[in-house]
1. Shape verdict for region 1-122, please, from the Cα gyration tensor: rounded (a/c under 1.5), prolate (a/b greater than b/c) or oblate.
2. Hey, can you rank 193-204, 173-184 by average C-beta count inside 10 Å, highest first?
3. Take the Cβ-Cβ distance between ARG29 and ASP236 as r, set R0 to 45 Å, and report the resulting FRET efficiency rounded to the nearest 0.05.
4. Looking only at Cβ-Cβ distances, which cysteines of the chain have no other cysteine closer than 4.7 Å?
5. Given the pairs LYS53/LYS191; LYS55/LYS117; LYS117/LYS191; LYS55/LYS172, which are separated by over 26 angstrom at their Cα positions?
6. Tally Lys/Arg at +1 and Asp/Glu at -1 over every other residue whose Cβ is under 14 Å from the Cβ of PRO101; what's the total?
7. Could you compute the net charge surrounding VAL229? Neighbours are other residues with a C-beta less than 12 Å from the C-beta of VAL229; K and R count +1, D and E count -1.
8. Where does each of 236-248, 16-28 land if you order them by average Cβ count within 10 Å, highest first?
Amino acid sequence: MSARILDGNALAAQVRGEVAVRAQALRARGVVPALAVVLVGDDPASAVYVRAKTKDAREAHIDAIDHRLPASTSEAELLALIARLNADPAVHGILVQLPVPAHINADRVIEAIRPDKDADGLHPENLGRLAQGRPRFAACTPSGCMRLLAHGGVEIAGARAIVIGRSVLVGKPVALLLANANATVTLCHSKTRDLAGEIARADIVVAAIGRPEFVQGEWIKPGAAVIDVGINRLADRRLVGDVAFAAAAERAAVITPVPGGVGPMTRACLLDNTVRAAELFAS
Ligand code: NAP
């Protein structure tokens, strides 16, 4: 293997440490940074994510306020809670764990969050600001990808970057962040012709597809930087990314592992957005 592994766990620990220092500085000024975490229903995976996010926040001196609502909660009840959190000056960040139950419209819920409390960076205003090149909060996974590239010493300006996947959660905001950082960006998806050819030209590859080991190692340009966002559980319970890691690591200069790459950075960037929301509130 020739690639340098970008250790998301180590970088996330560093980011959490920086956030904790900023949170304590806010506390010293009488502002207790607070994140409201809303979970509707009892999806076990969502419950695990929410527990982890709450624990991270508390360890970083951010107050995490849990709101657990039953699966039977109506959209109107959820929107009423968000309205209360929007109006509460003690709450700086609001996170609604997705997915919400099918009878609730997730887009309407995200749009109801005050954009300056949108710690997840998913509100259309925040995505729009990103598109305009004047971001407030970027979505957490895309921000994590950018931090990993910076940590890896990857030159972004002028580089040819490919993003595979165009979701609002990952692919599109990553493409915008890379373009804002002066990369030449190609955004690919399931209708892309000759994906292998597109990847072969790229200095930076971000894979956010959701298909286990879909990106073949031989497609990677020698010396490229590879950021693997995918999290796929195999039948044998192993967790793998969207990139065939071992083969890609033979050719890439730097690569993120799964697990231990983008995942921990997503969680760390949520804390960063929350403390930034509190800093903006205090300024
Ligand atoms: P998504 O909404 O399902 O989007 C998947 C994207 O991949 C779509 O744009 C789709 O194209 C594209 N795609 C599917 N098959 C393809 C193919 N054969 N060739 C090229 N493109 C193809 O997924 P997502 O929410 O962005 O998540 C992507 C992956 O990242 C998942 O594994 C997810 O678990 C993981 N994830 C990880 C984190 C983290 O913290 N590490 C956070 C979020 C998501 P179309 O648009 O044409 O359908």
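Since every read-out is calculated from the coordinates, none of them should be taken as a lab result. This structure is a prediction, so every number in the text was calculated from the model and none was measured. Glycine gets a Cβ as well: all are built from the backbone with ideal geometry, and neighbour counts include every protein chain shown.
1. oblate
2. Final packing ranking: 173-184, 193-204.
3. Plugging the Cβ-Cβ distance into 1/(1 + (r/R0)^6) gives 0.30.
4. So, CYS145, CYS188.
5. The answer is LYS53/LYS191; LYS117/LYS191; LYS55/LYS172.
6. Neighbour charge sum, excluding PRO101 itself: -2.
7. -1
8. Ranked from most to least packed, the peptides come out as 236-248, 16-28.
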